[in-house]
1. Which count do you get for residues in segment 42-52 that are in contact (Cβ under 8 Å) with a residue 24 or more places away in the chain and either within 19 Å of residue 202 (Cα to Cα) or buried (at least 20 other Cβ atoms within 10 Å of the Cβ) (or both)?
2. Going by what's in this entry, would residue 150 be described as outside the structural domain of residue 232 (by TED's automatic domain parsing) and either touching a residue at least 24 places away in the same chain (Cβ under 8 Å) or buried (at least 17 other Cβ atoms within 10 Å of the Cβ) (or both)?
3. Could you list, in sequence order, the residues of segment 1-37 that are closer than 21 Å to residue 209 by Cβ and assigned to a loop (DSSP other than H, G, I, E, B)?
4. Say we look at segment 70-94 and pick out the residues that are in contact (Cβ under 8 Å) with a residue 24 or more places away in the chain and touching a strand residue (DSSP E or B) at 6+ places or on another chain (Cβ under 8 Å); which of these is surrounded by the most Cβ atoms within 10 Å (Cβ to Cβ)?
5. If you take the residues of segment 231-270 that are surrounded by 16 or more Cβ atoms within 10 Å (Cβ to Cβ) and out of contact with any helix residue (DSSP H, G or I) (no Cβ under 9 Å at 6 or more places or on another chain), which of them is nearest to residue 175 (Cα to Cα)?
6. If only one of 224, 197 is surrounded by 18 or more Cβ atoms within 10 Å (Cβ to Cβ) and farther than 28 Å from residue 21 by Cα, which one is it?
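The values are calculated or read from the model by the stated rules, or taken from the named source; none is laboratory data. This one's a predicted model, so the numbers in the text were calculated from it and none came from an experiment. Cβ: placed from backbone, ideal geometry, glycine included. Neighbour counts: every protein chain shown.
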């Protein structure tokens with residue numbers, strides 16, 4: 001047996017795989033991660049936008065380092081925020097709860113309690129057309145692939161990754177979450193020492209941005225610093241078949257600039 005709450009007042013990035021795969025059956029979910037206290041707002045807004053436009057569960061990851069941090073931040077005007085497209089249905093008009101929008105595959109959203117928009121909800125598999133509970137084997141397989149298809153559609157609409165620093169070279173440092181500051185400073189220090197180093201910090205952990213795989217191939221070494229035993233590292237190796245290297249710290253303490261910098265220099269071989 002392992003710990004339950006672990007070290008609740010300390011920081012860690014130990015829940016990535018749980019967020020991705022801790023669900024019943026093959027039911028993919030969108031996973032995002034904020035990288036700073038101010039970024040929590042824009043990442044939360046992005047999570048809500050995806051959830052509402054695609055009618056899909058979204059997990060937003062944070063950690064204690066962000067929760068206890070602070071930075072100056074200008075609250076944006078509502079009118080400056082991107083508009084969120086929803087699929088609300090207010091009148092019956094032949095309402096079909098599992099009729100899907102062609103582009104996003106999102107279902108119509110009938111507000112619960114509205115007369116004429118009654119429909120069945122719950123955790124059992126549903127018929128792909130009627131929304132009734134279904135144990136049909138072929139229907140179940142269709143629904144499983146449909147849920148994955150939503151993830152694939154979202155991936156194609158994400159902004160492409162644009163590495164900070166060198167766009168190709170010896171080392172690409174791939175991070176996520178609150179390790180942003182330490183990684184960025186270590187990369188800056190490495191580049192000042194004339195090493196070709198880039199930095200990609202992922203907001204979207206599932207699905208990955210569409211050009212992420214080809215970006216990884218532009219570097220000789222991929223370094224993945226994480227406050228866990230190598231969870232993002234496992235995903236990158238499995239999906240992109242790259243020999244990425246981890247820098248793993250599971251001590252309840254954030255990654256330090258010197259730790260990341262020393263590992264970068266080690267990988268440059270100089």
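1. 6
2. So residue 150 passes the test.
3. 13, 28, 29, 34, 35, 36
4. Among them, the one singled out is 89.
5. 233
6. Every option except 197 fails the conditions.
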